[in-house]
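One structure is given below, encoded as structure tokens.
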Amino acid sequence: MRLLLLAFFIFLAGCCEPAVETKNELSQTITTINFNGCKQGYEIDGAVGGEHTDLYVIQANTGEKYQITVRPAENNLQFYISGDGTSSMDTKTDAEGTISNCEFTVKEGTSGSSVVEISINAHPFDNYALSIQLQ
């Protein structure tokens, strides 16, 4: 019985979802994501254009590593990834278009937490798929 309860709690711990909060402001949509150690990823299909910017803010802990993937529908998309840490970018083109992968590691520091920002815009317009995975 104890073993069954232990297995159940381990299962529940693996079923967490990141906390997500979205607010719309003038010319900007800000989505804040807190993984809280949860390994389940965050995925969204979005659309952006004109003067509008989609901003994704990851509430991160020092030493965490994120796999960030952006796939635009057309070649009108621009995106920027910033934060206190190191990143490596790999861009590929396949039959479905261009896909960019970024591995971002939050810098070890004394504060214990940091933010990683992903800013997406397009001119005149583009659809995109964004995927964020805590490694």
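Could you check the range 66-105 and list, in sequence order, the residues that are of a type in the set (A, V, I, L, M) and modelled with pLDDT of 90 or more?
In the first step, residues of the range 66-105 are kept if they are of a type in the set (A, V, I, L, M); the result is 68, 70, 73, 77, 81, 89, 95, 99.
The answer is Ile68, Val70, Ala73, Leu77, Ile81.
Quick one: which of Asp126, Asp90, Asp84 is out of contact with any Asp or Glu (no Cβ under 9 Å at 6 or more places or on another chain) and of a type outside the set (Ser, Thr, Tyr)? Please lay out each step first, then the result.
Working: Asp126 fails: out of contact with any Asp or Glu (no Cβ under 9 Å at 6 or more places or on another chain); Asp90 fails: out of contact with any Asp or Glu (no Cβ under 9 Å at 6 or more places or on another chain).
It is Asp84.
What tally of residues in the range 108-121 results from selecting those that are farther than 17 Å from Gln67 by Cβ and at pLDDT 95 or above?
2
Do you know which residues across the range 45-65 are modelled with pLDDT of 95 or more and either within 9 Å of the chain's Cα centre (by Cα) or within 13 Å of Phe104 (Cβ to Cβ) (or both)?
Passing the criteria: Tyr56, Val57, Ile58.
Inside the range 25-135, counting only strands (runs of 3 or more DSSP E) that do not spill past its ends, which hold 2 or more residues that are aliphatic (A, V, I, L, M) and surrounded by fewer than 16 Cβ atoms within 10 Å (Cβ to Cβ)? Step through it out loud before you land on a result.
Working: elements: 28-34, 42-49, 53-61, 65-72, 77-83, 85-94, 97-106, 113-122, 125-134.
Passing ranges, in order: 42-49.
The values are calculated or read from the model by the stated rules, or taken from the named source; none is laboratory data. Worth saying up front: this structure is predicted, and the values here are computed from it rather than measured. With ideal geometry, Cβ positions are generated from the backbone for all residues, glycine too; neighbour counts draw on all protein chains shown.
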